[in-house]
Amino acid sequence: QVQLVESGGGLVQPGGSLRLSCAASGSIFSIYVMGWYRQAPGKQRELVAAITSSSSTNYAESVKGRFTISRDNAKNTVFLQMNSLKPEDTAVYYCNAATAVAPSLRYLEVWGQGTLVTVSS
């Protein structure tokens, strides 16, 4: 199996910055795509940003220019640098990975447990 462990959430004032990290571990043969989703109270979970193994990226319109996703393939880790944070960025942020599990190469989509980001003065 594969596990994702997130870190880096917390309370920050509007205009501030946070950096989220997510490390994958377990029987990993390959990780195709890693991404961050978020879910605010009363809202559906939405994609924030995603990055492929070749570092192609995709961002939600609401975070373009403020958030940056990156990954360290050697460490199976993905990062989300969040700048110019707004109150509407408040949500639980979930890490997601599309993987191939060793040794079967079976496709497996994995979610982290979530980390809370609160933007408030």
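The values are calculated or read from the model by the stated rules, or taken from the named source; none is laboratory data. Because the structure is predicted, anything quoted here is derived from the model rather than measured. So basically every Cβ, Gly included, is an ideal-geometry build from the backbone, and we count neighbours across all protein chains shown. Ligands, DNA and RNA are stripped out before the accessible areas are found, and what is left, the full protein with its side chains, is counted by its heavy atoms. Shrake-Rupley method; radii C 1.70, N 1.55, O 1.52, S 1.80 Å.
Assorted remarks:
- The charge dipole of segment 27-121, taken about its Cα centre with unit charges on the Cβ of Lys, Arg, Asp and Glu (plus for the first two, minus for the last two), comes to roughly 40 debye.
- Other residues with beta-carbon under 15 Å from the beta-carbon of Val92 carry, at +1 per Lys or Arg and -1 per Asp or Glu, a net charge of -1.
- Solvent-accessible area assigned to carbon and sulfur over segment 2-54 amounts to 51 percent, based on a 1.4 Å probe.
- Cα-based reach from Lys43 at 22 Å (exclusive), listing lysines while leaving out same-chain residues under 8 positions away: Lys64, Lys86
- Additional length obtainable on full extension of the chain from Ser17 to Ser62, 0.36 nm per residue less Cα span: 14.6 nm
- Each Lys and Arg Cβ is given +1 and each Asp and Glu Cβ -1; about its Cα centre, segment 16-80 then shows a dipole of about 140 debye.
- Coordinate range along principal axes, alpha carbons of segment 37-121, Å, largest first: 48, 26, 20
- Per-pair calculated FRET efficiency, R0 = 25 Å: Leu105 and Ser70 via Cβ, rounded to 0.05: 0.45
- Per residue, the chain exposes an accessible area of 51 Å² to a 1.4 Å probe, with every protein chain left in place.
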